[in-house]
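The values are calculated or read from the model by the stated rules, or taken from the named source; none is laboratory data. Since this is a predicted model, take the numbers as computed values, not measurements. Cβ coordinates were reconstructed from backbone atoms using ideal geometry, including for glycine residues, and neighbour counts include every protein chain displayed.
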Amino acid sequence: MKNSSRLKKFLPDLIVIISFILISFIYFVPAVMDGRVITQGDSLAAVGQGQEQRDFMKRHDGERTRWNLSMFGGMPSYQMSPTYNSSKPQDLAKKAYSLFLPNYVYLVFIMLLGFYILMRAFRASPLVSALGAIVWAFSSYFFILIAAGHIWKFITLAYIPPTIAGLVYVYQKKYLPGALLIMIFVAFQISANHVQMSYYFFFLMFFMVAAFLVQAVREKKLAGFLKSTVVVVIAGMIGV
């Protein structure tokens, strides 16, 4: 009976996730069915900028250089191409989160799913959460990013809503799911390598914490606020 009741509880969420997969596939039918590829200017420029590194790897038996002269007259390549053996488990985790969906399709899916997680954290119903996720994900700006090849910026933006969801859960005293979301998606954001977006949204989260503080003071629940804040800080540090 317990398994049946749990399945019934999560069935609406499962239906929504399946719907997101279908929506993502339908939108990118030309890419999936006909093998069409978007000409992304930023991605093409990145290929050119990375040629020096590929040439270095060929000359040095696969060894990577951490300096590139093609970027602004020369700069460290650990930011341009942050590839390390230690990131392989995280890469697998990110693919699992996107359900191993094909190129382009997975981008829309993670944008939908991330905002859905946030809406559910705000205790919205599955239907309202799904509608909110669709409105968010199909903002024209995100598809401009895809067309321009600003993929890492897009991906970072997709990981920010579930990070905020983790913050909300922690201050709702749902410490375990909240901390897990913060740890996972902070790590995903850093690996997505677009610190600018994470930096901007840090201020949004800071003001949310300030609002939780005001609420805690009014309700005389400062001890609970401090406990939640410690959980957030520790989870964030682990994610980093």
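From 229, 156, grab the single residue that is of a type outside the set (Gly, Ala, Ser) and within 14 Å of the chain's Cα centre (by Cα).
156
Here the condition is being at pLDDT 95 or above, in a helix (DSSP H, G or I), aliphatic (A, V, I, L, M) and surrounded by 14 or more Cβ atoms within 10 Å (Cβ to Cβ); of 160, 190, it holds for 160 alone.
The single condition among (1) closer than 15 Å to residue 17 by Cβ; (2) outside any helix (DSSP H, G or I) that residue 102 does not satisfy is (1). The single condition among (1) buried (at least 20 other Cβ atoms within 10 Å of the Cβ); (2) more than 20 Å from residue 226 (Cβ to Cβ); (3) at pLDDT 95 or above that residue 170 does not satisfy is (2).
Identify, from the list 123, 59, the residue that is modelled with pLDDT of 95 or more, surrounded by fewer than 11 Cβ atoms within 10 Å (Cβ to Cβ) and more than 24 Å from residue 148 (Cβ to Cβ). Steps first, answer last, please.
Details: 59 fails: modelled with pLDDT of 95 or more.
The conditions single out 123.
Take the residues in region 14-36 that are of a type in the set (Val, Ile, Thr) and at pLDDT 80 or above; name whichever of them is farthest from the chain's Cα centre (by Cα). Talk me through it step by step, then tell me what you get.
Restricting attention to region 14-36, the residues satisfying the condition of being of a type in the set (Val, Ile, Thr) are 15-18, 21, 23, 26, 29, 32.
Those still in the list that are at pLDDT 80 or above too: 15-18, 21, 23, 26, 29.
Working: 15: 21, 16: 19, 17: 16, 18: 19, 21: 17, 23: 19, 26: 22, 29: 24 Å.
Only one residue fits best here, namely 29.
How many of the residues making up region 193-240 are assigned to a helix (DSSP H, G or I) and closer than 30 Å to residue 150 by Cβ?
Going residue by residue through region 193-240, those that are assigned to a helix (DSSP H, G or I) are 195-219, 222-239.
Pick out the ones that are also closer than 30 Å to residue 150 by Cβ and you get 195-209, 232, 235-239.
Total satisfying the criteria: 21.
Listed here are the residues, each with its yes/no results for (1) modelled with pLDDT of 70 or more; (2) in contact with a strand residue (DSSP E or B) (Cβ under 7 Å, 6 or more places away or on another chain); (3) surrounded by fewer than 17 Cβ atoms within 10 Å (Cβ to Cβ).
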site: 67; (1), (2), (3): yes, yes, yes
site: 72; (1), (2), (3): no, no, yes
site: 84; (1), (2), (3): no, no, yes
site: 96; (1), (2), (3): yes, no, yes
site: 99; (1), (2), (3): yes, no, yes
site: 111; (1), (2), (3): yes, no, no
